[in-house]
Amino acid sequence: MFLFTFKLACKNEHKNNVKEVLVIQKDSKECAFELPKGINTYEMVLANKEVFKKRRLQIQ
């Protein structure tokens with residue numbers, strides 16, 4: 001069973017759309033994404049399909 005899903009959508013340095021999905025397991029300790037510079041949109045979806053957080057993030 002998983003605890004939540006982390007979805008990331010952004011554009012890379014070549015202006016191509018990039019989408020990443022990371023499923024966080026219940027017994028997981030840590031996880032990491034290498035985020036590209038620019039405006040990223042992320043969404044955290046709980047196991048019951050409820051959207052916990054949806055935000056835009058600018059990385060410089």
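The values are calculated or read from the model by the stated rules, or taken from the named source; none is laboratory data. All figures in this text were calculated on a predicted structure; none of them were measured in a lab. Neighbour counts run over all protein chains shown; Cβ positions are idealised from the backbone, glycine included.
Quick notes on this one:
- Hits in segment 23-45 (condition: farther than 17 Å from I59 by Cβ and either among the polar types (S, T, N, Q) or at pLDDT 75 or above (or both)): V23, I24, Q25, K26, D27, S28, M44, V45
- Contacts under 8 angstrom Cβ, first residue in segment 2-20 being aromatic (F, W, Y), partner not in a strand (DSSP E or B), 6 or more apart: F2/K26; F2/A47; F4/A47; F6/C31; F6/F33
- Residue list for segment 4-41, restricted to those being of a type in the set (D, E, K, R), part of a loop (DSSP other than H, G, I, E, B) and touching a Phe, Trp or Tyr at 6+ places or on another chain (Cβ under 9 Å): K26
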